[in-house]
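Worksheet: the structure to be examined is printed underneath.
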């Protein structure tokens, strides 16, 4: 989850009173990403942290939605320049569920899919595009090859 850097440990400590399950990593000038692993090495880095840092440094800048979908993991980030306006990670198995979460993001931010572009990474988006085609005009796709599996 994203937490403001102004929060002290006492603000998020109730999530894990012993402090053994949660990790906090600086994300940008405003936020920390607080996360935990159910399994994994202590030096592991959250995929969300990796994606958010990469997306914040990627072009184009401006108001946009970034989506990564592979397996059943759906990650959505709404960025306005270098500001994170929305971020979520969902479990989604059906194209209708993926489309719902994407359109919900647009709705929650009161952003228009006719003017705000969506950048998709991951599995074939054909079925999801079918459900969103009347709402999202600017859809850009990118394979995960070279991102999660560098050559």
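The values are calculated or read from the model by the stated rules, or taken from the named source; none is laboratory data. Values in this document were obtained by computation on a predicted structure and should not be read as measured data. Note that each Cβ is placed from the backbone with ideal geometry, even for glycine, and that neighbours are counted across all protein chains shown.
A compact table of results
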{"quantity": "Only one of 78, 127, 99, 92 that is without any contact (Cβ under 8 Å) to a residue 24 or more places away in the chain and either surrounded by 14 or more Cβ atoms within 10 Å (Cβ to Cβ) or touching a helix residue (DSSP H, G or I) at 6+ places or on another chain (Cβ under 8 Å) (or both)", "calculated": "92"}
{"quantity": "Residue check for residue 107: more than 15 Å from the chain's Cα centre (by Cα) and not in a loop (DSSP other than H, G, I, E, B)", "calculated": "yes"}
{"quantity": "Breaking point among (1) at pLDDT below 70; (2) assigned to a strand (DSSP E or B), for residue 45", "calculated": "(2)"}
